[in-house]
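Asks: Could you have a look at this structure, given as structure tokens, before my questions?
The values are calculated or read from the model by the stated rules, or taken from the named source; none is laboratory data. For clarity, every value in this text was computed on a predicted model and none was experimentally measured. Heads up, the Cβs are rebuilt from the backbone with ideal geometry, glycines too, and the neighbour counts pull from every protein chain shown.
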Amino acid sequence: MPYEESPLYRIKSSKRARRLALRLDPIERIFHLTVPARCPMAKAYHFADSHEEWMLNTLNDLPEPCPFINGAIIPLCGKQTKIKIHLKPDAKITKIAQEKDSLIITTNKNDPSSRIERYLKNQAKNILKEKSEEKAVTISKKIENITVRDTKSRWGSCSSEKTLSYSWRLIFAPPEAMDYVVAHEVAHLKHLDHSRAFWSLCRQLSDNFIDGQYWMQNHGHELMKYGTK
Ligand SMILES: [Zn+2]
């Protein structure tokens, strides 16, 4: 192999892909280079090389990561909240509590960040579930299931089986932005398209459609920086 493994991208060969493509994973801060099955590797490497500067610039433009460490400030539902980690070697389990503007973690772990992430995912799920159900009732629709995941390209989705799926990172968005995403997915329970009727319902279901949509379009990518080491 004439090429070292690149810190900028990972190769993903694909039977379905028609052309070479570079896709950013903003959490891992690496690109995925999709290589169609019949494409010669030399061509793929050449393609990656010719995009090297673009990849470096794109990575440089990503917001600084904000890991879950002591003293870090995270916007929980848009409210600045300080992470306070109390290391207690004799603590049997990790306890997490939310108090006014802090998140207090009592733990015996040197790095409780994965516990904090699990706690926040759970919180996100509870909030998103409650909001979705509240809105669905107003249009007499039933939600089959709600899942919360670490989605990378979409903040929410709605399947024809009436399953709503959200990014747990919405917990870092201001309330009107999270509300807009929920209104959007709930409106899809009625219209599985982006028709005029869909947008009109989405507006009607949103607390503040204009500001919420604006925030997601212009700041949504910032949600990716939290918890990233
Ligand atoms: Zn949509």
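Asks: Under the condition of being assigned to a loop (DSSP other than H, G, I, E, B) and away from the ligand (no atom under 16 Å from the Cβ), which residue from the stretch 139-160 is surrounded by the most Cβ atoms within 10 Å (Cβ to Cβ)?
Replies: Taking the stretch 139-160 first, the residues assigned to a loop (DSSP other than H, G, I, E, B) are 139-144, 150-155, 159-160.
Subsequent filtering for residues that are away from the ligand (no atom under 16 Å from the Cβ) retains 140, 142, 144, 150, 152.
On the way: 140: 8, 142: 9, 144: 10, 150: 12, 152: 14.
Filtering first and then ranking leaves 152.
Each row is one residue, and each column tells you yes or no for (1) more than 30 Å from residue 126 (Cβ to Cβ); (2) at pLDDT below 90; (3) not assigned by TED's automatic domain parsing to the domain that holds residue 150.
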residue	(1), (2), (3)
20	yes, no, yes
28	no, yes, yes
34	yes, no, yes
50	yes, no, yes
57	yes, no, yes
96	no, no, no
101	no, no, no
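Asks: Condition (residue is surrounded by 15 or more Cβ atoms within 10 Å (Cβ to Cβ), part of a helix (DSSP H, G or I), in contact with a strand residue (DSSP E or B) (Cβ under 6 Å, 6 or more places away or on another chain) and touching a residue at least 24 places away in the same chain (Cβ under 8 Å)) applied to the stretch 205-228: is it met by at least one residue?
Replies: Checked against the condition, which is being surrounded by 15 or more Cβ atoms within 10 Å (Cβ to Cβ), part of a helix (DSSP H, G or I), in contact with a strand residue (DSSP E or B) (Cβ under 6 Å, 6 or more places away or on another chain) and touching a residue at least 24 places away in the same chain (Cβ under 8 Å), the stretch 205-228 yields at least one hit.
Asks: Here's something else I'd like to know. Within the stretch 176-196, how many residues turn out to be within 13 Å of the ligand (Cβ to nearest atom) and touching a His at 6+ places or on another chain (Cβ under 8 Å)?
Replies: 0
Asks: Let me ask something additional. Tell me which of these residue 136 doesn't satisfy, since it passes every other one: (1) surrounded by fewer than 18 Cβ atoms within 10 Å (Cβ to Cβ); (2) out of contact with any Ser or Thr (no Cβ under 6 Å at 6 or more places or on another chain); (3) of a type in the set (Gly, Ala, Ser).
Replies: Result: residue 136 fails condition (1) only.
Asks: Let me ask something else. Does residue 135 satisfy the criteria of being out of contact with any Pro (no Cβ under 9 Å at 6 or more places or on another chain) and more than 23 Å from residue 215 (Cα to Cα)? Before you say what the answer is, go through the steps one by one.
Replies: Values: out of contact with any Pro (no Cβ under 9 Å at 6 or more places or on another chain): yes; more than 23 Å from residue 215 (Cα to Cα): no.
No, not satisfied.
Asks: Say whether the condition of being assigned by TED's automatic domain parsing to the domain that holds residue 174, over 24 Å from residue 8 (Cβ atoms), surrounded by 15 or more Cβ atoms within 10 Å (Cβ to Cβ) and out of contact with any Phe, Trp or Tyr (no Cβ under 9 Å at 6 or more places or on another chain) is met by at least one residue in the stretch 70-81.
Replies: yes
Asks: Now a separate question. Restricting to the stretch 147-164, count the residues that are over 25 Å from residue 81 (Cα atoms) and in contact with an Asp or Glu (Cβ under 8 Å, 6 or more places away or on another chain).
Replies: Looking only at that region, the number is 6.
Asks: Between a residue in the stretch 5-31 that is without any contact (Cβ under 8 Å) to a residue 12 or more places away in the chain and within 27 Å of residue 219 (Cα to Cα) and any residue that is loosely packed, with under 11 Cβ neighbours inside 10 Å and of a type outside the set (Lys, Arg), which pairs come within a Cβ distance under 9 Å, given they are 6 or more apart or on different chains?
Replies: That search, which allows pairs on different chains as well, returns 23/153.
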